[in-house]
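Note sheet for the following structure.
Please treat every number below as a calculation from the coordinates, not as lab data. Keep in mind that what you see is a predicted model, and the values were worked out from it rather than measured. All Cβ positions, glycine included, derive from the backbone under ideal geometry; neighbour counts span all protein chains shown.
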Amino acid sequence: MKFIRNQDNRKREDAELVAEYKRSGDLEVLGTLYGRYMHLVYGVCFNYLKDEDKSKDAVMQIFEELVKKLRIHEVQNFKSWLHVLTRNHCLMAIRAAGRQNTVSIEETFVENTEIVHLDIDSTREEKLSVMEKCMQTLPEEQRISVDLFYLQEKCYKEVSDLTGYEMSKVKSYIQNGKRNLKICIERNSGE
């Protein structure tokens, strides 16, 4: 693929280019650095997204993310950090695609004469109410971590950055919070 051909001859180290970009904000410097790994980014994207065009788009979107994120994050190993950023981008794209529900509208759908009652979703509403109450019973660290991870769809790193909790603690808070939430919901919904 022409658009991801690696033409850099590695005269300068990654860390040097990261430092220069952070200092200057020069997109040419970032382009040189990113150019070294675009083919790998594309490979990771294609592995997750299974679509050539979506993967190409993701490569460009990840570069746009880099413009902002590389200036604020402390990066020791650019290649590894970029891999994690790419994987998280793809997982978020897959998660977002899964939320998009498509409904086919047929003639019978529009002409349906059945009366639909608004109380059909009352059981769902009750479950949500129980979940909200149970969320409030979680310890603060678990409640915040579960909320950010599941409801606001943040990755572990983002949860850690937003809360100041260590990454290992974030994973523990989410796992324990999820378990405690499940126990509370089961206890309070009579299932």
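Using the average count of surrounding beta-carbon atoms within 10 Å as a protection proxy, the listed peptides 32-43, 47-58 rank, highest first, as 32-43, 47-58. The per residue volume of the convex hull around the alpha-carbon atoms of the stretch 2-99 is 92 Å³.
Between Asp51 and Lys68, the simple label model (points 7 Å from Cα in the Cβ direction) yields a spacing of 2.3 nm.
Computed with the Debye formula from one identical point scatterer per Cα of the stretch 122-189, without solvent, the log10 of I(q)/I(0) at q = 0.11, 0.12, 0.15 Å⁻¹ comes to -0.26, -0.30, -0.46. Legend: distances between Cα atoms for Lys56/Lys157; Lys79/Lys182; Lys50/Lys79; Lys157/Lys182; Lys54/Lys154; Lys22/Lys157; pairs beyond 31 Å are Lys79/Lys182.
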